[in-house]
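*Asks:* Here's a structure for you.
No value in this document is a laboratory result; all are computed from the given coordinates. Treat the numbers as computed from the prediction; the structure is a model and nothing was measured. Ideal geometry is used to build each Cβ from the backbone, glycine not excepted, and the neighbour counts take in all protein chains shown.
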Amino acid sequence: MRMFVPEGALLNTPENNESLMSESNLRRAREDGRVLESRALLCDNAHNLHVRLGNMRGVIPRREGAIGIDTGATRDVALLTRVNKPVQFLVEKFCGDTVYLSRRAAQSACCKEYLRTLRPGDIISATVTHLEPFGAFCDVGTGISALLPVSCLCVSRIAHPAARIAVGQSIRAAVKSIDGCGRITLTMKELLGSWEENAALFNPGDTVPGVVRTVEPYGIFVELTPNLSGLAEYVPGVRVGMQASVFVKSILPDKMKIKLVLVDAFYGDAVYSEPKYFLSSGRIDSWIYSPKECVKIVQTVF
């Protein structure tokens, strides 16, 4: 069974190491239909990609650079932006010391053998490739993109995906939906724990770090984890994005609330850490965020 993963995931594996791509290994990969990966060194004036292949010269012709290039559905900028980045491909043919490759064929195989088998609720690997205010674009295999909306990144309200993730970061996400054209939408918040799971990390009487996410006349919402926020009384001068230290006053599962006392708020560099996944593999049919004691039910049904 062929392996289909985001571009960059194969580069340092033994069978894809650039220095080991001899002609015999490349011919074997062609026979096996194995997806290989290397770094694009150049996009020439005809928009052919030139790829590092040990002692061989690797070329991905323009029309083989991505699905949709030949029809105009994908713009040539998708080829230009691959320079100095990993690309995945299938070996097509040999001509002297030149090996012709196809990224489009690898992407087509990924769509047919992997992406079209996915169902909502499946948990997959992805790599963040681009950030916009409305969400993050992620590579879900051989450079094929899926959208992770900002509202699906976490339960906490954030203004931009950059508050949570960074370009180049490898993440786990669940398939939220697949439309009639095969476009995939992802969601991450269901993997980051329920209210109870996150609240269990804190105790009344603790003083803990947080980030100010919302300021209202009636109070300040401070994020304690990506899927958990508490409410502190309003304090003049506090702004969204400030780092904070807060005293945990009480934890109320029946009301799904955490009461906080703001100890300090200040401008400082955000501290990034890898997401803490409570789920990271398999699939989920439904996910309930709210505690059992709470009358309000917050859930996702896939």
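*Asks:* Quick one: dipole size for region 53-135, taken about the Cα centre, charges +1 on Lys/Arg Cβ and -1 on Asp/Glu Cβ, in debye to the nearest 20.
*Replies:* With Lys and Arg at +1 and Asp and Glu at -1, about 80 debye.
*Asks:* ³J(HN,Hα) across region 36-52 via Karplus (A = 6.51, B = -1.76, C = 1.60, θ = phi - 60°), whole Hz, x for Gly/Pro?
*Replies:* Residue by residue, region 36-52 yields 10, 8, 8, 9, 7, 9, 7, 10, 6, 5, 9, 6, 8, 8, 9, 10, 6 Hz.
*Asks:* A further question on this structure: Please give the FRET efficiency for Leu252 paired with Ala166, using the beta carbon to beta carbon distance and R0 = 35 Å, rounded to the nearest 0.05.
*Replies:* Efficiency for this residue pair is about 0.55.
*Asks:* Would region 83-140 count as rounded, prolate or oblate if I go by the C-alpha gyration tensor, calling it rounded below 1.5 in a/c and otherwise prolate when a/b exceeds b/c, oblate otherwise?
*Replies:* The shape class here is oblate.
*Asks:* Could you give the length gained by full extension between Arg283 and Gln299, i.e. 0.36 nm per residue of separation minus their alpha carbon distance, to one decimal place?
*Replies:* Answer, rounded to one decimal: 4.2 nm.
*Asks:* Sticking with this structure for a sec: For the residue pair Asp97 and Arg57, what label-to-label distance in nm results when each label sits 7 Å from Cα along the Cα-to-beta-carbon direction?
*Replies:* So the label points at Asp97 and Arg57 sit 0.8 nm apart.
*Asks:* Treat the count of other C-beta atoms within 10 Å as a stand-in for reagent exposure and order Ile184, Ile178 from fewest to most.
*Replies:* Exposure proxy ranking, most exposed first: Ile178, Ile184.
*Asks:* Which of these, Val140, Val222, Val240, has the largest mean-square fluctuation under a Gaussian network model of the chain (Cα springs below 10 Å)?
*Replies:* Maximum among the listed residues: Val240.
*Asks:* Report, in debye and to the nearest 20, how large the dipole of region 113-247 comes out about its Cα centre when Lys and Arg carry +1 and Asp and Glu carry -1 on their Cβ.
*Replies:* Charge dipole, region 113-247, about its Cα centre: 280 debye, nearest 20.
*Asks:* Any of Lys176/Lys255; Lys249/Lys296; Lys176/Lys259; Lys189/Lys296; Lys189/Lys249; Lys85/Lys189 with alpha carbons more than 24 Å apart? Name them for me.
*Replies:* Over 24 Å apart, Cα to Cα: Lys176/Lys255; Lys176/Lys259; Lys189/Lys249; Lys85/Lys189.
*Asks:* Same structure, new question: Let's test the formula: R0 of 51 Å, r as the Cβ-Cβ distance of Glu216 and Val83. What FRET efficiency results, to the nearest 0.05?
*Replies:* For Glu216 and Val83, the calculated efficiency is 0.65.
*Asks:* Same structure, new question: Suppose only helical runs count, i.e. DSSP H with n ≥ 4. What mean residue ellipticity at 222 nm does that imply for the chain under -39500 (n - 2.57) per run, divided by all residues and rounded to the nearest 500 deg cm²/dmol?
*Replies:* Roughly -2500 deg cm²/dmol at 222 nm, from the helical runs in the chain.
*Asks:* May I ask you to compute the full-extension gain from Ala46 to Ser145, defined as 0.36 nm times their residue separation minus their alpha-carbon distance, rounded to one decimal in nm?
*Replies:* 33.2 nm
*Asks:* Can you tell me the 0 to 90 degree angle between the C-alpha axis of helix 103-113 and the longest principal axis of the chain, rounded to 10?
*Replies:* With rounding to tens, the tilt is 60 degrees.
*Asks:* For a test of the definition: using alpha carbon positions, the gyration tensor, and the 1.5 limit on a/c, classify region 1-124 as rounded, prolate or oblate.
*Replies:* oblate
*Asks:* A further question on this structure: Within region 170-209, list the trypsin sites (Lys or Arg not before Pro) lying in a DSSP loop whose Cβ has at most 12 other Cβ atoms in a 10 Å radius.
*Replies:* Qualifying residues, ordered by number: Arg183.
*Asks:* Could you give the length gained on full extension between Glu233 and Glu274, defined as 0.36 nm per residue of separation minus the Cα-Cα distance, in nm?
*Replies:* 11.8 nm
*Asks:* Once you have a ≥ b ≥ c as the square roots of the Cα gyration tensor eigenvalues for region 110-208, tell me rounded if a/c is under 1.5, and otherwise prolate or oblate according to whether a/b is larger than b/c.
*Replies:* Prolate, because a/c is 1.5 or more and a/b exceeds b/c.
*Asks:* Let me ask something else about it. Quick one: what are the phi-derived ³J(HN,Hα) couplings along region 235-251, Karplus 6.51/-1.76/1.60 with θ = phi - 60°, whole Hz, x for glycine and proline?
*Replies:* Computed from phi, the couplings for region 235-251 are 10, x, x, 7, 10, 4, x, 5, 6, 9, 10, 9, 8, 7, 7, 7, 10 Hz.
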